[in-house]
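> Next up is a structure, given as structure tokens.
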Amino acid sequence: MTDRSQTRLERVRGSLGIAQLALQQIDLTADDVDAPDLAAILREFQEDIDVPGGLFPALAQLVSTAARRAKQIEPDRDGDASCPLHEAAALITDHAGQRLIWAARSLHPQGDS
């Protein structure tokens, strides 16, 4: 591993650590979290108004970028790495993201106040 690669990996680890710490601050077990509150929180994961696209779409975009890069560097360019990455990105967006939306609508059909 080159110094540049090591530095990149350290930045990735640092960014993931920051994200994990931030997500640990979300307390969904509090007694005052009701259905509209939980629905609003779930919507934020999918469609954060402060960050265009939300957490799940941003994660899917990152995985898609990794898939495109994997396709360029795969030894045989046969899709052994890139195809599962593209599928993972689709699962994040199409399955996980959509299920968050369905759950939020079930909890509070009118949406955010």
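> Hey, what do the phi angles of the range 59-76 turn into as Karplus ³J(HN,Hα) couplings, whole Hz, using 6.51/-1.76/1.60 and θ = phi - 60°, x for Gly and Pro?
Ordered by residue, 3J(HN,Hα) equals 5, 4, 5, 5, 5, 4, 5, 4, 5, 5, 5, 4, 4, 6, 10, 4, x, 9 Hz.
> Please go through the range 1-82 and write out the trypsin sites (Lys or Arg not before Pro) that DSSP classes as loop and that have at most 15 other C-beta atoms within 10 Å. Show your work: numbers first, answer last.
Values: sites: Arg4, Arg8, Arg11, Arg13, Arg43, Arg68, Arg69, Lys71, Arg77; in loops: Arg77.
Sites meeting the loop and neighbour criteria: Arg77.
> What accessible area per residue comes out for the chain, rounded to a whole number of Å², with a 1.4 Å probe?
Values: 8450 Å² over 113 residues.
Heavy-atom accessible area per residue stands at 75 Å².
> Can you tell me the mean projection area, over all orientations, of the convex hull of the chain's alpha carbons? Units nm², please.
Numbers: hull surface 35.8 nm².
Averaged projected hull area, Cα only: 8.9 nm².
> Quantify, in whole percent, the carbon and sulfur part of the accessible surface of the chain (1.4 Å probe; protein heavy atoms only).
Numbers: 4810 of 8450 Å².
Heavy-atom surface of the chain belonging to carbon and sulfur, 1.4 Å probe: 57 percent.
> Where nothing but the Cβ of Lys and Arg (+1) and of Asp and Glu (-1) is charged, how large is the charge dipole of the range 12-113 around its Cα centre, in debye to the nearest 20?
Values: 8 positive and 16 negative charges, 100 e Å.
Dipole magnitude for the range 12-113 comes out near 480 debye.
> Where does the chain land at 222 nm, in deg cm²/dmol rounded to the nearest 500, when only DSSP H runs of n ≥ 4 count, each adding -39500 (n - 2.57), divided by all residues?
Rounded to the nearest 500, the figure is -20500 deg cm²/dmol.
The values are calculated or read from the model by the stated rules, or taken from the named source; none is laboratory data. It should be emphasised that the depicted structure is a prediction, and the values quoted were computed from it without experimental measurement. Glycine gets a Cβ as well: all are built from the backbone with ideal geometry, and neighbour counts include every protein chain shown. Ligands, DNA and RNA are excluded from the accessible area calculation, which covers all protein heavy atoms including side chains. Shrake-Rupley method; radii C 1.70, N 1.55, O 1.52, S 1.80 Å.
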